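Student: Quick one: the structure is below, questions incoming.
The values are calculated or read from the model by the stated rules, or taken from the named source; none is laboratory data. Just so we're clear, the structure is a prediction, and the values are computed from it rather than from any experiment. Cβ placement follows ideal geometry from the backbone for every residue including glycine, while neighbour counts extend to all protein chains displayed.
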């Protein structure tokens, strides 16, 4: 472990997929909360500062916060290991992991016609990536806690209402998110002995680039009352929940599933 620097005195949070959308909102909130935020994006480019991870970093620093960017693809074993090693060398600690990175199918296809390439892509990015990244991060967190270099560590998985809602034209996405919900239960069980809470945040329909292509569809569904709260979710709705986990408000709620979907999870007649 390298000698402690002023940055390393701050709690460190890794937010995957933090160049846009939900991840961007989470990163900005955690920086406001006092975290040194490690921004992860597979397409981060320091020459591009008007969008993406470096735009987020610029916003954080302009507001008096601190952070760093690590370009890495969570579906790559080598990239996952390199990312944790960069955090170890640059920060010396990791207090919060937010598994947020995820993708939708390039093309929505009926499950009777869908191909294996899309299925493999979604499983690698949405499920395999965070599963094995959490394995690496958890080992690092346990090491830090046992050495008394950090007081607490926490893990958040951002899943989706698609983990329990069937959409037959994007079955690969639904299955990847359902698997992620089970990963939460597994890691919550395994890491409980080390007092590392693992919490699932289950967003509904959130206004991001990912959902922009189906805006008209969901505008109509929301107007018709598919959600008791008749509005789009915003990245800030998810960010506030991550903030609550990060500050320890849910430390005795490991394995908890928090629906952030305007009441979509309610059973109604």
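Student: Quick one: would you say residue 162 is in contact with a strand residue (DSSP E or B) (Cβ under 7 Å, 6 or more places away or on another chain), within 18 Å of residue 22 (Cβ to Cβ), in a helix (DSSP H, G or I) and at pLDDT 95 or above?
Tutor: no
Student: Now, a different point. Could you give me the residue pairs with C-beta distances under 6 Å whose first residue belongs to region 121-135 and is farther than 17 Å from residue 200 by Cα, whose second residue is at pLDDT 95 or above and surrounded by 20 or more Cβ atoms within 10 Å (Cβ to Cβ) wherever it lies, and which are 6+ apart or on separate chains?
Tutor: From region 121-135, the pairs are 122/172; 122/173; 122/176; 123/176; 124/75; 125/75.
Student: Would you confirm, using the coordinates I've provided, whether residue 138 is modelled with pLDDT under 95 and under 18 Å from the mean Cα position of the chain (by Cα)? If you could, list the steps in order and put the result at the bottom.
Tutor: Details: modelled with pLDDT under 95: no; under 18 Å from the mean Cα position of the chain (by Cα): yes.
No; evaluated as a whole, the condition is false for this residue.
Student: Another question, if that's okay. Would you pick out the residues in region 164-182 that are buried (at least 20 other Cβ atoms within 10 Å of the Cβ) and within 15 Å of the chain's Cα centre (by Cα)? Talk me through it step by step, then tell me what you get.
Tutor: So the first thing to find is which residues in region 164-182 are buried (at least 20 other Cβ atoms within 10 Å of the Cβ), and the list is 170-174, 176-177, 180.
Across region 164-182, the qualifying residues are 176, 177, 180.
Student: Here's another thing I want to ask about it. Given the structure, is residue 157 under 17 Å from the mean Cα position of the chain (by Cα), touching a residue at least 40 places away in the same chain (Cβ under 8 Å), over 20 Å from residue 265 (Cα atoms) and surrounded by 15 or more Cβ atoms within 10 Å (Cβ to Cβ)? Walk me through it before giving the result.
Tutor: Details: under 17 Å from the mean Cα position of the chain (by Cα): yes; touching a residue at least 40 places away in the same chain (Cβ under 8 Å): yes; over 20 Å from residue 265 (Cα atoms): no; surrounded by 15 or more Cβ atoms within 10 Å (Cβ to Cβ): yes.
Considered against the rule, which asks whether it is under 17 Å from the mean Cα position of the chain (by Cα), touching a residue at least 40 places away in the same chain (Cβ under 8 Å), over 20 Å from residue 265 (Cα atoms) and surrounded by 15 or more Cβ atoms within 10 Å (Cβ to Cβ), residue 157 comes out as no.
Student: Sort through 71, 82 and tell me the only one that's without any contact (Cβ under 8 Å) to a residue 24 or more places away in the chain, closer than 23 Å to residue 141 by Cβ and out of contact with any helix residue (DSSP H, G or I) (no Cβ under 7 Å at 6 or more places or on another chain). Working first, answer last.
Tutor: Numbers: 71 fails: without any contact (Cβ under 8 Å) to a residue 24 or more places away in the chain.
On inspection, the qualifying residue turns out to be 82.
Student: What's the total number of residues in region 219-263 that are out of contact with any strand residue (DSSP E or B) (no Cβ under 9 Å at 6 or more places or on another chain) and surrounded by 19 or more Cβ atoms within 10 Å (Cβ to Cβ)?
Tutor: Residues meeting the conditions: 1.
Student: Residues that are at pLDDT 95 or above, at least 1 per element: which helices (runs of 4 or more DSSP H) completely within region 1-120 meet that? First the steps, then the outcome.
Tutor: Working: elements: 6-9, 21-32, 52-62, 77-91.
Where helices (runs of 4 or more DSSP H) fall fully within region 1-120 and carry at least 1 residues being at pLDDT 95 or above, they are 21-32, 52-62, 77-91.
Student: Which pairs have Cβ atoms under 7 Å, sit 6 or more apart or on different chains, and link a residue in region 87-107 that is touching a residue at least 12 places away in the same chain (Cβ under 8 Å) to one that is surrounded by fewer than 17 Cβ atoms within 10 Å (Cβ to Cβ) and assigned to a helix (DSSP H, G or I)?
Tutor: Note: pairs meeting the criteria are 91/7; 104/210.
Student: Of the residues that make up region 58-66, is at least one free of Cβ contacts under 8 Å to residues at least 40 places away in the same chain, surrounded by 14 or more Cβ atoms within 10 Å (Cβ to Cβ), under 15 Å from residue 125 (Cβ atoms) and in contact with a strand residue (DSSP E or B) (Cβ under 8 Å, 6 or more places away or on another chain)? Walk me through how you get there before you give the answer.
Tutor: Of all residues in region 58-66, those free of Cβ contacts under 8 Å to residues at least 40 places away in the same chain come to 58-65.
Checking the rest, the ones that are also surrounded by 14 or more Cβ atoms within 10 Å (Cβ to Cβ) come to 59-60, 65.
Checking which are under 15 Å from residue 125 (Cβ atoms) leaves us with none.
No, the conditions are met nowhere in region 58-66.
Student: Mind checking whether some residue in region 150-159 is under 18 Å from residue 263 (Cα atoms), touching a strand residue (DSSP E or B) at 6+ places or on another chain (Cβ under 6 Å) and not in a helix (DSSP H, G or I)? Even if it seems obvious, please write down each step before you answer.
Tutor: Just the residues of region 150-159 that are under 18 Å from residue 263 (Cα atoms), to begin with: 158-159.
Subset that is touching a strand residue (DSSP E or B) at 6+ places or on another chain (Cβ under 6 Å): 158-159.
With not in a helix (DSSP H, G or I) added as a condition, the list becomes 158-159.
Within region 150-159 (the criterion being under 18 Å from residue 263 (Cα atoms), touching a strand residue (DSSP E or B) at 6+ places or on another chain (Cβ under 6 Å) and not in a helix (DSSP H, G or I)), the answer is yes, since at least one residue qualifies.
Student: Mind checking whether some residue in region 208-218 is in contact with a strand residue (DSSP E or B) (Cβ under 7 Å, 6 or more places away or on another chain) and buried (at least 17 other Cβ atoms within 10 Å of the Cβ)? So that I can check it myself, show each step before the final result.
Tutor: To start, the set of residues in region 208-218 that are in contact with a strand residue (DSSP E or B) (Cβ under 7 Å, 6 or more places away or on another chain) comprises none.
Within region 208-218 (the criterion being in contact with a strand residue (DSSP E or B) (Cβ under 7 Å, 6 or more places away or on another chain) and buried (at least 17 other Cβ atoms within 10 Å of the Cβ)), the answer is no, since none of the residues qualifies.
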